[in-house]
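Peer 1: The structure's right below; bear with me while I get my questions together.
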Amino acid sequence: VQVVESGGGLVQPGESLRLSCAASSGETFSVLGMGWYRQAPGSRRELVARLKAGGATEYADSVKGRFSIGTDGAKNTVFLQMNALKLEDTAIYYCNADVYLPEANVDYTYWGQGTQVNVSS
């Protein structure tokens with residue numbers, strides 16, 4: 001399963017940015033959930049937002065009310081809409097996908113390569 005992010009860039013404080021992520025594979029898989037994590041220099045990777053297959057969402061306290069996670073309807077995709085960005089949102093943003101692989105009968109988590117988000121005045 002390949003996980004590919006897009007949409008990072010440089011913005012000023014208060015501006016918005018939208019990240020997209022898609023999971024794909026030549027083999028059959030089912031997405032159990034997809035999420036966004038971020039890692040700032042010198043910090044641990046942390047959860048930003050998650051979307052479970054049933055539609056439930058989870059957000060880090062630091063982004064509640066500013067960020068939203070969802071799908072555009074395309075299968076196995078997720079976006080992260082980031083509004084009112086702050087300097088401290090600067091980080092590499094990673095998408096992951098928790099998937100079920102029926103042929104192997106296992107669950108596995110796949111990660112994307114990350115996309116850089118810089119918030120700077």
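The values are calculated or read from the model by the stated rules, or taken from the named source; none is laboratory data. Everything numeric in this text was worked out from a predicted model, so none of it was measured. Here Cβ is always computed from backbone atoms with ideal geometry, including for glycine, and neighbour counts include all displayed protein chains. We work out accessible area using only protein heavy atoms, side chains counted, and drop any ligands, DNA or RNA first. Shrake-Rupley method; radii C 1.70, N 1.55, O 1.52, S 1.80 Å.
Peer 1: Before anything else, pin down the relative contact order of the chain: Cα pairs under 8 Å, at least 6 apart, normalised by residue count, whole percent. Intermediate results must be reported in sequence, preceding the final value.
Peer 2: Details: 295 pairs, mean separation 44.3, N = 121.
So the answer I get is 37 percent.
Peer 1: Working from the alpha-carbon coordinates of segment 34-90, get Rg over Rh, Rh being the Kirkwood radius. Mind dumping the intermediate values first?
Peer 2: On the way: Rg = 11.8 Å, Rh = 12.1 Å.
Checking Rg against Rh, the ratio lands at 0.98.
Peer 1: Sticking with this structure for a sec: What ³J(HN,Hα) values, in whole Hz, does the Karplus curve 6.51 cos²θ - 1.76 cosθ + 1.60 give for segment 54-64 when θ = phi - 60°, with x put for Gly and Pro?
Peer 2: Coupling constants for segment 54-64: x, x, 5, 10, 9, 10, 5, 4, 5, 10, 4 Hz.
Peer 1: Something else now. Could you name the aspartates and glutamates in cross-link range of K75, using Cα to Cα under 17 Å and dropping any fewer than eight places away on the same chain?
Peer 2: Leaving aside aspartates and glutamates fewer than 8 places away in the same chain, those within reach of K75 are E5, E27, D98.
Peer 1: Thinking of the chain as a set of Cα atoms, what percent of all their pairs are more than 25 Å apart?
Peer 2: Numbers: 1493 of 7260 pairs.
So the pairs more than 25 Å apart make up 21 percent of the total in the chain.
Peer 1: Ok, one more. Please give the Cα centre distance for segment 9-39 versus segment 45-121, rounded to the nearest Å.
Peer 2: Segment 9-39 and segment 45-121 have Cα centres spaced 5 Å from each other.
Peer 1: Follow-up. Just order 49-55, 32-38 by mean Cβ neighbour count inside 10 Å, highest at the front, would you?
Peer 2: Working: 49-55: 14.9, 32-38: 21.9.
Packing proxy ranking, top to bottom: 32-38, 49-55.
Peer 1: Would you work out what percent of the accessible area of the chain, with all protein chains in place, is carbon or sulfur (probe 1.4 Å)?
Peer 2: Values: 3070 of 6510 Å².
After summing per-atom areas, the C and S share lands at 47 percent.
Peer 1: Then there is this: For segment 1-82, what is the accessible area per residue in Å², given a 1.4 Å probe and the full set of protein chains?
Peer 2: Values: 4410 Å² over 82 residues.
Per residue, segment 1-82 has an accessible area of 54 Å².
Peer 1: What is the Cα convex hull volume of segment 53-120 when expressed per residue in Å³? If you can, show how the numbers build up before the last one.
Peer 2: On the way: hull volume 7.9 nm³, N = 68.
Hull volume normalised by residue count: 116 Å³.
Peer 1: Tell me which lysines have Cα within less than 23 Å of K64's Cα, excluding those fewer than 8 residues away on the same chain?
Peer 2: K52, K86
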